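A short reminder: the numbers here are calculations on the coordinates, not readings from a lab. Model, not experiment: these values are computed from the prediction. Cβ sites come from the backbone with ideal geometry, for glycine too, and all protein chains shown count toward neighbours.
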Amino acid sequence: MVTEATRKSLLKVRVMDFITSTAVLPLLFGCVGVFSLFKLLQRMRTSAYLRNAVVVITGATSGLGRECARVFYTAGAKLVLCGRNREALEELTEELTASLATQVQTHRPYTVTFDLADPGAIVAAAAEILQRFGHVDVLLNNAGISYRGAIVDTATDVDKKVMETNYFGPVALTKALLPSMIKRRQGHVVVISSIQGKISIPFRSAYAASKHATQAFFDCLRAEVEQYEIQVTVLSPGYIHTNLSLHAVTADGSTYGVMDKTTAQGRSPVEVARDVLAAVGKKKKEVILADLLPSLAIYLRTLAPGLFFSLMASRARKERKSKNS
Ligand SMILES: NC(=O)C1=CN([C@@H]2O[C@H](COP(=O)(O)OP(=O)(O)OC[C@H]3O[C@@H](n4cnc5c(N)ncnc54)[C@H](OP(=O)(O)O)[C@@H]3O)[C@@H](O)[C@H]2O)C=CC1
Ligand SMILES: CCCCCCCCCCCCCCCC(=O)OCC(=O)COP(=O)(O)O
């Protein structure tokens, strides 16, 4: 009598026989080889693209911007670190230059301090960068603030503040650097949007609106500058473990100051920064950096909007109830 165990081991032997006696094994090795070679070539292309490239990063003092500074620095880019806090930028510069064991030649970052809500300061910062480096290869619009509040309670000045930082600021900085990119017929504009640039969730109106506007603007830009060989990459991450919720603004303009559970449980900014680097190196047009559920939610919003709106209304009810209890 043939037992279950014997049947299983017979099957294993037959499978192994098939693999070794046919072309399956060479084919398998071939595929692995081609895939590894492809990955290696991709890494080499990214590395060549970013080595000695002038890369401007906004919001470099914290969270994702800080980690992007690290990975682009290690890739050999000439960094321009931007933020409002001069000390934090200088501290990061010292930290980066003190780090050892890089495979490529690195460059001491240059720092520029300005507020993205100040249009005059943006123009001056762009002029300073161009005077110093002559050109910009990659502009990484990363800086941003979030918001928590009900629309009915929110001062319009708060909506404006979020739009100025997340939308008008990056737009103004991009416009200030664009003519020089067009003249060179070279450049890459990258923007960190959000899943909330694709779907709107309750109590995030100003933030989601600013990210939807960002998505729309940079999609238009991509089409308009293709003729000059300028690249545009829009990245839409899900939750990342940064200080975003701590720094968020509330309905009355005060700082929220809470590390939300969703933020704390978000992806590591180190990993997300690596994904940003890879997307830039591959000159991707758009990347969603999120788990399955938020990614599915984007499809649901398009394919079954009625269902999506019901889910969001129920989410609003639940959130209001938990706040009131
Ligand atoms: N964390 C998350 O869950 C997600 C974040 N994102 C996006 O990632 C980007 C980075 O945010 P994250 O790292 O998470 O958050 P952080 O709060 O940690 O960092 C935000 C950065 O933006 C800068 N910034 C804020 N306001 C201004 C301003 N008015 N002028 C200049 N710089 C400013 C801050 O610099 P300063 O020192 O001047 O305050 C800081 O460096 C944002 O665009 C955010 O929307 C997208 C999806 C998810
Ligand atoms: C076919 C089945 C589809 C099921 C879909 C169910 C709908 C689930 C809703 C999921 C909502 C996800 C929201 C994700 C929000 C997000 O990732 O935001 C990133 C941020 O920018 C975070 O900023 P915040 O200030 O809000 O912390």
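Net charge near Asp157, counting Lys/Arg +1 and Asp/Glu -1 over other residues with Cβ under 11 Å of its Cβ?
Working: positive: Lys160, Lys161; negative: Asp159, Glu164, Asp252.
Net of charged neighbours comes to -1.
Could you rank the peptides 253-266, 168-181 by their average count of other C-beta atoms within 10 Å per residue, with the highest value first?
Details: 253-266: 13.1, 168-181: 20.3.
Ranked by mean Cβ neighbours within 10 Å, highest first: 168-181, 253-266.
For segment 1-118, count all C-alpha to C-alpha pairs, find those more than 19 Å apart, and express that count as a whole percent of the total. Please list the in-between numbers first.
Details: 4341 of 6903 pairs.
That fraction is 63 percent.
Helix-only estimate, please: 222 nm mean residue ellipticity of the chain, summing -39500 (n - 2.57) across DSSP H runs of length 4 or more and dividing by its residues, to the nearest 500. Let's see the in-between values first.
Numbers: 13 runs with 183 residues, N = 325.
Computed ellipticity for the chain at 222 nm equals -18000 deg cm²/dmol.
Restricting to the chain, what percent of DSSP beta bridges are antiparallel, rounded to 5? Can you show the working numbers first?
Details: 1 of 29 bridges.
For the chain, the DSSP antiparallel bridge percentage is about 5.
Using Cα centres only, tell me the gap between segment 62-122 and segment 220-275 in whole Å.
Cα centroid to Cα centroid, the span is 17 Å.
If I require 24 Å or longer along the helix axis, counting alpha carbons, and a Kyte-Doolittle average no lower than -1.0, what helices from the chain are left? Use full DSSP H segments. Before the final figure, lay out each step's value.
Numbers: long enough: 4-21 (25 Å, 0.01); 24-50 (39 Å, 1.16); 205-225 (30 Å, 0.06); 305-324 (28 Å, -0.90).
Length and hydropathy pass: 4-21, 24-50, 205-225, 305-324.
Can you list the lysines whose alpha carbon sits under 22 Å from that of Lys282, skipping same-chain ones fewer than 8 residues off?
Counting by Cα, and skipping residues close in sequence, Lys282 has these lysines nearby: Lys39, Lys78.
About the Cα centre of segment 103-207, what is the dipole size in debye to 20, counting +1 per Lys and Arg Cβ and -1 per Asp and Glu Cβ, all else neutral? Intermediate results must be reported in sequence, preceding the final value.
Numbers: 11 positive and 8 negative charges, 91 e Å.
I would put it at about 440 debye.
Taking a threshold of 18 Å on the Cα-Cα distance, which of the pairs Lys261/Lys323; Lys161/Lys261; Lys183/Lys283; Lys160/Lys321; Lys161/Lys321 fall above it?
Working: Lys261/Lys323 15 Å; Lys161/Lys261 25 Å; Lys183/Lys283 20 Å; Lys160/Lys321 28 Å; Lys161/Lys321 28 Å.
Cα-Cα > 18 Å for Lys161/Lys261; Lys183/Lys283; Lys160/Lys321; Lys161/Lys321; rest within.
For the residues Cys220, Cys82, what sequence is obtained by ranking on other C-beta atoms within 10 Å, fewest first?
On the way: Cys220 11, Cys82 28.
Ranking Cys220, Cys82 by Cβ neighbours within 10 Å, fewest first, gives Cys220, Cys82.
In whole angstrom, and with the biggest value first, how far do the Cα coordinates of the chain range along each principal axis?
Principal axes ranked by extent give 83, 56, 41 Å for the Cα atoms.
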